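One structure is given below, encoded as structure tokens.
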Amino acid sequence: MAAATLGSAFAAQCYAQARVSAIEGLTACRPMSDPNARLACLDAAAGALIEAVDAGALTIVDRQQVREVRRNLFGFSSAAMPSFLGLSEVGEELSAIQTSLMRATRGDGGRWVFQLSDGSEWRQVDNEPAHIRPQGGDEVRVRRAAFGSYFLNVGDARAIRVKRQ
């Protein structure tokens, strides 16, 4: 576990250094008053930026891509998410998702297992009997609850406490 944490920290540090270096290169060119020197500087900085992207040392994503990643990761522990993805920097935190049901089956102890159209799988974690008759295509809403838990509603049925798998 400690090695994974150190590896993750090292990757984040390398990513941050590549990002800062690429931005600093562009920023250093801006105050230059000589147009030829400025152009040469910008060309060199752009080349370094392109090299960093091509080498995988730097990834450029737009806000929509970050939102999509956040939606796809909804339900997983945020502690496991790399902070260098900037997931916390793009507006408010996602509190719910709406999608449709692909299938629902009974798993261990008669608890429900839901497979959603977005590819996610959610398992019932409470012992409450769920009086539902889920069918493929039903509307599903998963929302955050207290203490890192989640509730799932199939249609208008009562919420079920679930965990992302």
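Right, LEU49: outside any strand (DSSP E or B), modelled with pLDDT of 85 or more and open to solvent by less than 80 Å² (accessible area, probe 1.4 Å) or not? Yes: the conditions hold for LEU49.
Could you tell me whether ARG38 is surrounded by 12 or more Cβ atoms within 10 Å (Cβ to Cβ) and modelled with pLDDT under 80? Here the answer is no, as ARG38 does not meet what is asked.
The values are calculated or read from the model by the stated rules, or taken from the named source; none is laboratory data. Not measured: the values here are computed from a predicted model. Using ideal geometry, Cβ is built from the backbone for each residue, glycine included, and neighbour counts are taken over all protein chains shown. Areas reflect the complete protein model, heavy atoms only, side chains present, ligands, DNA and RNA absent. Shrake-Rupley method; radii C 1.70, N 1.55, O 1.52, S 1.80 Å.
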